[in-house]
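The values are calculated or read from the model by the stated rules, or taken from the named source; none is laboratory data. Every value quoted in this text rests on a predicted model; they were computed, and no experiment measured them. Positions of Cβ are backbone-derived with ideal geometry, glycine not excepted, and every protein chain shown enters the neighbour counts. All accessible areas refer to the heavy atoms of the entire protein, side chains included, with ligands and DNA or RNA removed. Shrake-Rupley method; radii C 1.70, N 1.55, O 1.52, S 1.80 Å.
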Amino acid sequence: MIEYLKRGKADADRKTDDAAVRDVVEQALARIEAEGDAAVRAMSESFDNYSPGAFRLTQPQIDALIATLTPREIDDITFAQTQVRNFAQAQRDSMLDIEVETLPGVILGHKHIPVQSVGCYVPGGKFPMVASAHMSVATATVAGVPRIIAATPPFNGAPNAAVVAAMHFAGAHEIYVMGGIQAVGAMAIGTETIEPVDMLVGPGNAYVAEAKRQLYGRVGIDLFAGPTETMVIADDTVDAELCATDLLGQAEHGYNSPAVLLTTSRKLAEGTMAEVGRLLQILPTAATAGVSWRDYGEVILCDTYDEMLQVANDIASEHVQVMTDRDDWFLDHMHSYGALFLGPRTNVANGDKVIGTNHTLPTRKAGRYTGGLWVGKFMKTHSYQRITTDKAAVDIGRYCSRLCLLEGFVGHAEQANIRVRRYGGGNVGYGEAAE
């Protein structure tokens, strides 16, 4: 039996919140389309109290910001980027161009070609998300994207040096200090001073996620990455302090970050809820994490591991921390999630910041049909074909002609017939099926 010891906001309340965000974003994007740079500046002044001479940083400005960092800070950033680049390169190496001869004289193949321009959004209004620069910009660099632009909001009224350094080290060709809707809107739609991109990537708050949703089609996107979600699947092999820490460690992202405990142990469930209460008394980010836990936190008690698996696949959480006596069983049977974190020695923060896997992951059940950002998201797989012999042109042409006429496409059939005549010496007339 599945028992909810704590529930979050009802779905109806969440949908009301979503509708309000949708309207704000629609109006903002329309304004950027109509007014360009003026709209971007007005929104930056209104939302971020920031109005520089230019939103794009110059190289001297970038160098000056990097100079404010300590050697240890720079080393930490470059260490994390090395891990991300190494894993992204291993993934890229697994993506092979292919060419095969499927019939004598018939050559088919595909090539992986990078998207030509990408806009990377790096959140940073409340917390400067240094790691998001690695995940988007560095991964796009490994993919070979020729033009990578990156945007991040001001932090406390100024560019954040660590975020800018991470963007620069990762390979961004243009860096803009812009936040939220105005940033993703400007990168996708373009303005008088910003050339539009072909694709948008990167996480963000509900407004950024909705802006990407509305812009999808006009540009490509990585995925619908909304507010952070985390799930802890645990049994009595771990303790309440570990579970509570992992839940609140992600709940501090924002006021609407779902954090779910899924367990077969009533003692662990009740102990974790008590431990969450204790930690919220001392956690410096409790003002955010506490609201998120109150409104979106859930504790679900199951009788069996199969029930936990069923619930976990149904929720399809962005981050799934598995700490049980059968972690590999969950690895083998989980099919809907963003990323798995197996065993008590690792944690979601590792994936967020440094270990090398990408932290831009599907939310709101999108794990049912897509994985997270990876080097392959920046690549387009394009097929090609070549026929190298007269016999192959005739053999394939005859099949093609008859199949086209089966569907009523006479013009299509003639494309095949003309080649049957030219390369086979036949006398197939217009609209006739080649024999």
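Give the angle, between 0 and 90 degrees and rounded to the nearest 10, that separates the Cα long axis of helix 390-406 from the longest principal axis of the Cα atoms of the chain.
The angle comes out at about 70 degrees.
Pairs of alpha-carbon atoms within less than 8 angstrom and 6+ residues apart define the contacts here; what relative contact order does segment 173-323 have, in percent?
22
What residue among Tyr121, Tyr337, Tyr255 shows peak mean-square fluctuation when the chain is described by a Gaussian network model with Cα springs under 10 Å?
Fluctuation is largest for Tyr255.
Which entries in Lys212/Lys380; Lys9/Lys267; Lys9/Lys212; Lys212/Lys353 show an alpha-carbon gap greater than 21 Å?
Going by Cα-Cα distance, Lys9/Lys267; Lys9/Lys212; Lys212/Lys353 fall outside the 21 Å limit.
What are the ³J(HN,Hα) couplings of segment 238-246, residue after residue, when phi is run through the Karplus curve with 6.51, -1.76, 1.60 and θ = phi - 60°? Round to Hz, x for glycine and proline.
Calculated HN-Hα couplings, in order: 10, 10, 5, 4, 5, 5, 5, 4, 5 Hz.
May I ask you to give the percent of accessible area on segment 303-426 that is carbon plus sulfur, with a probe radius of 1.4 Å?
Using a 1.4 Å probe with all protein chains present, segment 303-426 comes out at 51 percent carbon and sulfur.
With point charges of +1 on the Cβ of Lys and Arg and -1 on the Cβ of Asp and Glu, referenced to the Cα centre of segment 9-88, which listed residue (Ala67, Val25, Ala80) lies farthest in the positive direction of the dipole?
The listed residue farthest towards the positive side: Ala80.
What does the extension gain come out to for Arg22 and Lys391, with contour length at 0.36 nm per residue minus their alpha carbon separation?
Full extension from Arg22 to Lys391 adds 127.0 nm.
Hey, any idea what % of segment 78-214's accessible area is carbon plus sulfur with a 1.4 Å probe?
Heavy-atom surface of segment 78-214 belonging to carbon and sulfur, 1.4 Å probe: 58 percent.
Could you work out how much longer the chain between Met1 and Leu103 gets when fully extended? Use 0.36 nm per residue separation minus the Cα distance between them, nm to one decimal.
31.1 nm
Nothing charged except the Cβ atoms of Lys and Arg (+1) and of Asp and Glu (-1): what's the magnitude of the dipole of segment 309-396 about its Cα centre? Round to the nearest 20 debye.
That gives a dipole near 360 debye.
Applying 1/(1 + (r/R0)^6) with R0 = 30 Å to the Cβ-Cβ distance of Phe127 and His335, what FRET efficiency is obtained, to the nearest 0.05?
Working from the Cβ atoms, E equals 0.45.
Applying 1/(1 + (r/R0)^6) with R0 = 51 Å to the Cβ-Cβ distance of Tyr384 and Ala54, what FRET efficiency is obtained, to the nearest 0.05?
0.75
Under 10 Å, Cα contacts only: if you run a Gaussian network model on the chain, which one of Asp11, Asp246, Asp198 comes out with the highest mean-square fluctuation?
The residue that fluctuates most here is Asp11.
Sequence gap at least 6, Cα distance under 8 Å: using those rules, report the relative contact order of the chain to the nearest whole percent.
Computed value for the chain: 19 percent relative contact order.
Between Glu33 and Phe224, with labels modelled 7 Å along Cα→Cβ, what's the label distance in nm to one decimal, could you check?
So the two model labels end up 2.0 nm from each other.
Using the alpha-carbon atoms, what tilt in degrees (0 to 90, nearest 10) does helix 161-170 show relative to the longest principal axis of the chain?
Around 30 degrees separate the two axes.
What residue among Gly249, Gly190, Val232 has its Cα farthest toward the positive end of the dipole of segment 169-281, where the charges are +1 on Lys, Arg and -1 on Asp, Glu, each on the Cβ?
Final value for the positive-end residue is Gly190.
Taking the Cα centre as origin and putting +1 on Lys and Arg beta-carbons and -1 on Asp and Glu beta-carbons, what dipole magnitude results for the chain, to the nearest 20 debye?
Dipole of the chain, to the nearest 20 debye: 1040 debye.
Expressed as a whole number of Å, what is the distance separating the alpha-carbon centroids of segment 303-343 and segment 132-171?
32
Roll a 1.4 Å probe over the protein chains and send me the accessible area per residue for segment 9-103 in Å².
Averaged over the residues of segment 9-103, the accessible area is 64 Å².
Output ³J(HN,Hα) for segment 227-234: one whole-Hz value per residue in order, computed from phi by the Karplus curve 6.51 cos²θ - 1.76 cosθ + 1.60 with θ = phi - 60°, and x for Gly and Pro.
Values per residue, Gly and Pro as x: x, 4, 10, 9, 9, 10, 9, 9 Hz.
Cut-off 10 angstrom, C-alpha nodes, Gaussian network model of the chain. Which of Ala366, Ala225, Ala38 fluctuates the most?
Ala38
Provide the solvent-accessible area of Glu73, counting protein heavy atoms only and rolling a 1.4 Å probe, rounded to the nearest 10 Å².
Here the residue's solvent-accessible area equals roughly 80 Å².
Calculated FRET efficiency, Ala10 and Asp76, Cβ-Cβ r, R0 35 Å, to nearest 0.05?
It comes out at approximately 0.25.
Would you list Lys9, Lys212 from the most to the least accessible area, probe 1.4 Å?
Ranked from most to least accessible, the order is Lys9, Lys212.
Would you kindly state how much longer the chain becomes between Arg278 and Asp328 on full extension, computed as 0.36 nm times their sequence separation minus their alpha carbon distance, in nm to one decimal?
14.8 nm
Where both partners of a DSSP beta bridge lie in the chain, what percent of those bridges are antiparallel, to the nearest 5?
DSSP beta bridges in the chain are roughly 35 percent antiparallel.
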